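Visitor: Shown below is the structure under consideration.
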Amino acid sequence: MADPEHGMSNRRSFLVSGTATAATLACTGGDSGYAAAVQDVRRPLPVRLQVGGFPLYELVRYATLAPSSHNTQCWIFKLGEGSITILPDMLRRCPAVDPDDHHLYVSLGCAAENLVQDALAVGLHAEVAFQEASGAIQVDLTATRAVQTPLFETIPLRQSTRAEYDGRAVSAGDLRLLEQAGTGQGVRPLLFTSRPQTEAILEYVARGNTLQIGDPAFVAELGSWMRFNAHDALTAGDGLFSAASGNPTLPHWLGSRLMPFFMTAGHENDKYAKQVRSSSGMAVFVSDANDKAHWVEVGRCYERFALQATALGMRNAMLNQPVEVAELRPQFAAYLGIGTRRPDLVVRFGYGVAMLQSLRRPVDAVIQPGRV
């Protein structure tokens, strides 16, 4: 969805001309406590935090390292005897950018995939089932042989890297690995690496961005999740920290006032053009049906794709405007030639440097009291 970890929607970052001090803050997060907190959420929990002999708290911690729209962390985990249920946290939904909760359920799918990968690493097989009636994901755990896959090992390293990449091409073999990782039940990624293809997708990104920037509700919602300085980011433990996009940190009162002036459609479109043209390619995830079960599967497939990219030394980030704007989505689907199927996510990928990672709320804050 960050790092900078901005999850499902592409999070708009505005550039503010700053002094050397501001540039330093952008690199450090403005507070050594932020860097320590980033490492803390990626550090294993004490072994004693188990339920019925299962390391459920640690499984939840790994699950929360998944991306989510606006880094809302829109999930609740309910612990059972040998099971974990992932529930949507509707208080953290984003109705302006995600009115049908598509991205919310994709985020839950990302969390479920992290849980699956970590479960296998500690000797547990995770059976994932979506419960249509409740909108929850049931994950049942049984003993198996422990296997630490390359995807598991990259979970703490994965990030949505909102920066320009270096333009290097990806080998045919690595493209196949990305495609395999991102393919699931009724979901597959379409990979585009030629300049005419990526330029065509960029045009849809720009059209979608222009419409979103012109929507006051979208801009207000985005602003509510912005964290302009380390103190605000540490206090909330969620949202979009400006330094994670390489931008200066500012007092909240100043950042909130400047945001409307610097976040213009023209400026943002220019930024996206540079980002797309520096990328190795674009991936568009497509599902066979437009329902919550498939949205969850999209999340699982995307997370495997992102983890595989990380294992191959690549970065990725989303540019979801063509699928977020309802009036534009059918036109984008027609361009892709996918008929009535829904394009779910638009992802750019390539080689680049790591950026500041994002925070997560404490595990206790996302676990529902009581048992299944």
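The values are calculated or read from the model by the stated rules, or taken from the named source; none is laboratory data. Note that the coordinates shown come from a computational prediction; the quantities given were computed from them, not determined experimentally. In this analysis, Cβ positions are derived from the backbone assuming ideal geometry, glycine residues included, and neighbour counts consider all displayed protein chains. All accessible areas refer to the heavy atoms of the entire protein, side chains included, with ligands and DNA or RNA removed. Shrake-Rupley method; radii C 1.70, N 1.55, O 1.52, S 1.80 Å.
Visitor: Any idea which of (1) closer than 23 Å to SER358 by Cβ; (2) buried (at least 21 other Cβ atoms within 10 Å of the Cβ) is the one GLY208 doesn't satisfy?
Guide: (1)
Visitor: Another question, if that's okay. May I ask you to list pairs of residues, at least six apart or on different chains, whose Cβ atoms are under 8 Å apart, with the first in the stretch 301-316 being aromatic (Phe, Trp, Tyr) and the second being open to solvent by less than 10 Å² (accessible area, probe 1.4 Å) and part of a loop (DSSP other than H, G, I, E, B)?
Guide: TYR302/GLY182; PHE305/GLY182
Visitor: Now for a different question. Going through the stretch 300-320 one residue at a time, which ones are touching a Phe, Trp or Tyr at 6+ places or on another chain (Cβ under 7 Å) and over 20 Å from ASP174 (Cα atoms)?
Guide: Listed by number, the list holds a single entry, LEU319.
Visitor: Then there's this: Yes or no: PHE349 buried (at least 20 other Cβ atoms within 10 Å of the Cβ) and in a helix (DSSP H, G or I)?
Guide: So PHE349 fails the test.
Visitor: Hey, which of the helices (runs of 4 or more DSSP H) in the stretch 168-264, taking only ones fully inside, have at least 1 residues that are closer than 30 Å to ALA293 by Cα, at pLDDT 95 or above and among the basic types (Lys, Arg)?
Guide: Passing ranges, in order: 172-181, 195-213.
Visitor: Is it fair to say SER245 is open to solvent by 30 Å² or more (accessible area, probe 1.4 Å) and polar (S, T, N, Q)?
Guide: So SER245 fails the test.
Visitor: Within the stretch 303-321, does at least one residue satisfy the condition of being under 17 Å from the mean Cα position of the chain (by Cα), hydroxyl-bearing (Ser, Thr, Tyr) and at pLDDT 95 or above?
Guide: Checked against the condition, which is being under 17 Å from the mean Cα position of the chain (by Cα), hydroxyl-bearing (Ser, Thr, Tyr) and at pLDDT 95 or above, the stretch 303-321 yields at least one hit.
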